[in-house]
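Asker: Please find one structure pasted underneath; my questions will follow.
The values are calculated or read from the model by the stated rules, or taken from the named source; none is laboratory data. In this text, all values refer to a predicted model and were calculated from it rather than measured experimentally. Cβ coordinates were reconstructed from backbone atoms using ideal geometry, including for glycine residues, and neighbour counts include every protein chain displayed. Quick note on the areas: whole protein, heavy atoms, side chains included, nothing else; ligands and nucleic acids left out. Shrake-Rupley method; radii C 1.70, N 1.55, O 1.52, S 1.80 Å.
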Amino acid sequence: MFSLGQENISTSPASTKGPVKYGELIVLGCNGSLPNGDKGRRKSRFALCRRNKANGVKPSTVHSSCTPQAAKAISNKEQHSISYTLSRAQTVVVEYTHDSNTDMFQIGRSTENPIDFVVTDTVPGGQSQVDGQTVQSTISRFACRIICQRNPPYSARIYAAGFDSSKNIFLGEKAAKWRMQDGQMDGLTTNGVLVMHPRQGFNQDSKPGLWREISVCGSVFTLRETRSSQQRGKMVDSECNELMDGSLIDLCGATLLWRTAEGLSHTPTVKHLEALRQELNAGRPQCPVGFNTLAFPSLRRKDVPDEKQPWAYLRCGHVHGYHGWGGRRNPEVDAECQERECPMCRARGPYVPLWLGCEAGFYVDAEPPTHAFVPCGHVCSEKTTAFWSQIPLPHGTHTFHSACPFCIQPLSAESSCIRLIFQSPLD
């Protein structure tokens with residue numbers, strides 16, 4: 001469960017307190033924790049910290065044919081290598097050697113030891129797939145790797161594909177691959193690793209950048225026509241694979257937000273969000289129909305509406321308690337109902353319970369929660385709703401749409417967010 005004691009990093013990477021933190025990866029669609037709770041390497045948030053001993057690697061020898069040296073590199077479980085199968089008769093093997101200046105972190109669906117951060121498909125609405133459900137995942141078992149410099153400025157670079165338990169990466173015949181001018185090989189993974197860097201960083205003035213694809217060697221390309229096309233996009237020489245605060249990483253089934261330690265030091269902490277919740281409740285907002293006092297539940301309780309839960313008409317923004325006006329008298333049924341008529345202004349639209357956004361890493365400022373995403377009803381600051389409303393997130397294999405970061409539910413095309421109108425107590 002989400003813990004109020006969980007704090008964001010509050011010091012710069014160069015702090016002498018504890019290990020150096022490079023940054024954190026946060027899974028979009030998780031409002032503070034995974035739906036079934038965080039467990040081991042499978043969680044909603046992963047901190048990348050400087051390792052006690054460097055484990056980074058860098059390319060070295062290239063074997064252009066099936067030589068004994070190439071076979072030895074593949075079979076040697078102490079040797080990192082990438083194999084590019086050009087045909088049944090020819091495979092190019094690139095050996096990788098230890099790099100004492102970098103740390104490597106691997107992300108993917110596999111639960112094998114080489115994976116540091118286990119990521120599974122995110123389902124809109126914050127729901128988890130039922131255990132045992134045979135849904136074909138589109139996330140690669142060894143999706144990508146992030147290489148961090150162990151010394152200032154602690155830059156982090158992303159690469160497609162990760163090394164397996166035998167320290168190998170295999171790109172088969174059908175994978176897009178090519179030889180570069182310097183003789184090195186490069187390629188793309190089946191569904192690709194997409195990255196988008198926001199313009200002006202991750203703050204209230206940010207604008208979305210362009211989505212790009214990252215290759216196995218870290219080169220940047222325009223998107224393929226479809227996600228798994230064998231024809232690569234055009235190389236973008238003017239851009240690089242270095243992550244910046246607010247970079248989004250899409251693994252075709254889950255999208256991750258990269259926050260640097262410096263960036264997180266300027267975001268609200270969980271304690272700050274809790275203080276904002278208590279301040280909102282201290283104003284004793286009232287239901288204009290039942291005149292009962294409303295209160296947002298604690299950040300720990302974010303699933304089942306209670307009797308004081310604020311509800312809102314998302315066409316106009318008027319906040320009420322739950323009532324049966326103009327609809328059924330069952331909260332669970334009403335939450336699924338598409339339209340209700342607001343008793344204040346008679347506007348018709350979705351009528352949903354409001355939930356505070358609990359994942360502090362998604363906020364671009366520390367202002368009060370005054371706006372809600374439409375149609376899910378997650379509440380956060382005005383600038384935060386404005387930022388995420390303009391971000392096109394990959395959906396499926398070739399479409400994009402904006403979504404709520406707290407539940408990944410697609411936002412309404414008519415109005416992606418709404419200012420909430422609370423009624424103060426009459427006394």
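Asker: Any chance you could count how many residues in region 390-427 are closer than 19 Å to D205 by Cα, of a type in the set (S, T, N, Q) and either buried (at least 24 other Cβ atoms within 10 Å of the Cβ) or within 15 Å of the chain's Cα centre (by Cα) (or both)?
Answerer: The qualifying residues number 1.
Asker: Filtering region 214-260 down to residues that are more than 13 Å from I158 (Cα to Cα) and among the small types (G, A, S), which residue is surrounded by the fewest Cβ atoms within 10 Å (Cβ to Cβ)?
Answerer: S238
Asker: Within region 158-166, is there a residue that is in contact with a Leu (Cβ under 7 Å, 6 or more places away or on another chain), at pLDDT 90 or above, under 19 Å from P114 (Cβ atoms) and in a strand (DSSP E or B)?
Answerer: First, pick out the residues of region 158-166 that are in contact with a Leu (Cβ under 7 Å, 6 or more places away or on another chain): 158, 160.
Filter again for at pLDDT 90 or above, leaving 158, 160.
From what's left, under 19 Å from P114 (Cβ atoms): 158, 160.
Those still in the list that are in a strand (DSSP E or B) too: 158, 160.
Yes: one or more hits.
Asker: Considering only residues that are closer than 15 Å to A254 by Cβ and part of a loop (DSSP other than H, G, I, E, B), which ones fall in region 39-56?
Answerer: R41, K43, S44
Asker: Now for a different question. Starting from residues that are touching a residue at least 24 places away in the same chain (Cβ under 8 Å) and either open to solvent by 40 Å² or more (accessible area, probe 1.4 Å) or charged (D, E, K, R) (or both), keep the ones in region 194-213 and report whichever is farthest from F142 (Cα to Cα).
Answerer: Ranking the candidates gives Q204 first.
Asker: Suppose we keep only residues that are of a type in the set (S, T, N, Q) and out of contact with any helix residue (DSSP H, G or I) (no Cβ under 6 Å at 6 or more places or on another chain) within region 169-205. Which one would you say is nearest to S265 (Cα to Cα)? Lay out the reasoning, then the answer.
Answerer: Restricting attention to region 169-205, the residues satisfying the condition of being of a type in the set (S, T, N, Q) are 181, 184, 189-191, 200, 203-204.
Now restrict to residues that are out of contact with any helix residue (DSSP H, G or I) (no Cβ under 6 Å at 6 or more places or on another chain): 181, 184, 189-191, 200, 203.
Values: Q181: 42, Q184: 39, T189: 34, T190: 36, N191: 34, Q200: 17, N203: 12 Å.
My answer is N203.
Asker: Are any residues in region 76-121 farther than 19 Å from T190 by Cβ and of a type in the set (S, T, N, Q), and if so, which ones?
Answerer: N76, Q79, S81, Q90, T97, S100, N101, T102, T111, N113
Asker: Still on this model: Can you pull out every residue in region 150-164 that is under 25 Å from R88 (Cβ atoms) and either outside the structural domain of Y84 (by the TED database) or open to solvent by 10 Å² or more (accessible area, probe 1.4 Å) (or both)?
Answerer: Listed by number, the list holds a single entry, D164.
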